[in-house]
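To keep things clear, I will list the structure first and then write my remarks on it.
The values are calculated or read from the model by the stated rules, or taken from the named source; none is laboratory data. Everything numeric here is computed off the predicted structure, so don't read it as measured data. For neighbour counting, all protein chains shown are included, and Cβ atoms are generated from backbone atoms with ideal geometry for every residue, glycine included.
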Amino acid sequence: MGFVEDETPWCGGHVSARVWCVRANNPSPMTYVGTNSWIVAEPGAKECVVIDPAPAGEQVQRILATCGETGLRIGAIVATHDHGAAGSAPRGSRINQLLQKHSFAKCGGVKRACSEGAEGAGAVEAGAAGELDSGGLPHSCEEKAGWGADVQALPKGAFHPFEGAPKFEAIALPGHSEDSVGLLLPAEQSLFTGDVLFRHGPTVVFHPDGVLASYFASLDTLERLVREGRVRRFYPGHGYPIDDPLPIIEATRKHRVDRLNQVKEALNAGTLAEPDALFDAVYQGVNPALRMPSIRSIRAQLKFLGI
């Protein structure tokens, strides 16, 4: 088994007792059938957590409409990583403005200061403070442009954004981006994985923020969580939920190893150690619209190989 070709496009909807998916109408070679925004609430609760509220505009209205239909208010906004497709500051603050509530966000990138204008990712209850922990997740940051006041950072481990909210655990999953975070929902043995992996095919390692060695380690983390029985389902940033995670993890790992081997073979055959040349040699048949993301992955591969 490996990646799964969809028979019908993923449309989102009510997927479990605590989880709704609002799929954005933004299909593209990068976003597949559209970006998944997740609404998570305890059964019978009146407030919810929104994960990856993107993109701006129509999707914000879709999220608010779904919350209205289910009788939920938004109590916190979470983003899994620092890309325009998921939870960037303007999108979070747009919902914040509509609701007159605070968004909660992690500093974009492990070592970037908020004053640099980095976009945000991750969420936690107010009050966390401190330096970098062993997982490389910033514990605190000052107000960032676009999010409004009281922006908090995501500590590694358990967090509970507000009373009555679902209880999550933040797990560092760097590689696709160095700030990528998985959000474990222990009550359902589910993990919100952002853009770390997909059911339908591989993701991109976004050099220089994305690091291939970190990505392989994150795949190992995902495999361990599944084998320990802590996770049975992944909720990715694009496409269907993943109900059989191990084959997808292995297919993703194999794809990355195969690409590395193809790059090494091309170099041994005399291809210049330049991303454009390697794309032409290795990525034949890839959608031309994916050339630039693929080149970023090639740069990550060259760094991994020490070239």
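Taking the conditions (1) buried (at least 18 other Cβ atoms within 10 Å of the Cβ); (2) in contact with a helix residue (DSSP H, G or I) (Cβ under 8 Å, 6 or more places away or on another chain); (3) at pLDDT 95 or above; (4) under 23 Å from I171 (Cβ atoms) in turn, V204 satisfies each one other than (3). Taken over the stretch 261-307, the criterion of being over 23 Å from the mean Cα position of the chain (by Cα), in contact (Cβ under 8 Å) with a residue 12 or more places away in the chain and part of a helix (DSSP H, G or I) is satisfied by Q262, V263, K264, A266, L267, P275, D276, L278, F279, A281, V282, L302. For residues in the stretch 250-271 being within 17 Å of S294 (Cβ to Cβ) and among the polar types (S, T, N, Q), which is surrounded by the most Cβ atoms within 10 Å (Cβ to Cβ)? Among them, the one singled out is T252. Could we say that R253 is without any contact (Cβ under 8 Å) to a residue 60 or more places away in the chain, in contact with a Leu (Cβ under 6 Å, 6 or more places away or on another chain) and charged (D, E, K, R) here? Considered against the rule, which asks whether it is without any contact (Cβ under 8 Å) to a residue 60 or more places away in the chain, in contact with a Leu (Cβ under 6 Å, 6 or more places away or on another chain) and charged (D, E, K, R), R253 comes out as yes. Restricting attention to the stretch 21-69, the residues that are among the aliphatic types (A, V, I, L, M), in contact with a strand residue (DSSP E or B) (Cβ under 6 Å, 6 or more places away or on another chain), within 23 Å of T203 (Cβ to Cβ) and part of a loop (DSSP other than H, G, I, E, B) add up to 2.
Residues checked against (1) modelled with pLDDT of 95 or more; (2) over 26 Å from V181 (Cα atoms); (3) out of contact with any Ser or Thr (no Cβ under 9 Å at 6 or more places or on another chain); (4) buried (at least 18 other Cβ atoms within 10 Å of the Cβ):
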{"residue": "P236", "(1), (2), (3), (4)": "yes, no, no, yes"}
{"residue": "I248", "(1), (2), (3), (4)": "yes, no, yes, yes"}
{"residue": "V286", "(1), (2), (3), (4)": "no, yes, no, no"}
{"residue": "F304", "(1), (2), (3), (4)": "yes, no, yes, yes"}
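Taking every residue in the stretch 216-227 that is closer than 15 Å to L184 by Cβ and touching a residue at least 60 places away in the same chain (Cβ under 8 Å) and pairing it with any residue that is part of a helix (DSSP H, G or I) and not hydroxyl-bearing (S, T, Y), at least 6 positions away or on another chain, yields no pair with a Cβ-Cβ distance below 6 Å.
Regarding Y235, is this residue closer than 19 Å to D52 by Cβ, among the hydroxyl-bearing types (S, T, Y) and assigned to a strand (DSSP E or B)?
Values: closer than 19 Å to D52 by Cβ: yes; among the hydroxyl-bearing types (S, T, Y): yes; assigned to a strand (DSSP E or B): yes.
It is true that Y235 is closer than 19 Å to D52 by Cβ, among the hydroxyl-bearing types (S, T, Y) and assigned to a strand (DSSP E or B).
In summary, T8 fulfils each of the numbered conditions (1) at pLDDT 95 or above; (2) over 30 Å from N287 (Cα atoms) with the single exception of condition (2). Within the stretch 1-46, the set of residues being surrounded by fewer than 19 Cβ atoms within 10 Å (Cβ to Cβ), among the hydroxyl-bearing types (S, T, Y) and touching a Lys or Arg at 6+ places or on another chain (Cβ under 9 Å) comprises S16 only.
Can you give me the number of residues within the stretch 158-209 that are among the hydrophobic types (A, V, I, L, M, F, W, C) and in a strand (DSSP E or B)? Before the answer, list the steps.
Of the residues in the stretch 158-209, the ones among the hydrophobic types (A, V, I, L, M, F, W, C) are 158-159, 162, 165, 168, 170-173, 181, 183-185, 187, 191-192, 196-198, 204-206.
If we keep only those that are in a strand (DSSP E or B) too, we end up with 158-159, 168, 170-172, 181, 183-185, 191-192.
Number of matching residues: 12.
Out of all the residues in the stretch 144-152, is one or more of a type in the set (G, A, S), assigned to a strand (DSSP E or B) and either over 27 Å from T8 (Cα atoms) or modelled with pLDDT under 95 (or both)?
yes
Just one of the listed residues (G34, G12) is in contact (Cβ under 8 Å) with a residue 24 or more places away in the chain, closer than 21 Å to T252 by Cβ and small (G, A, S), and it is G34.
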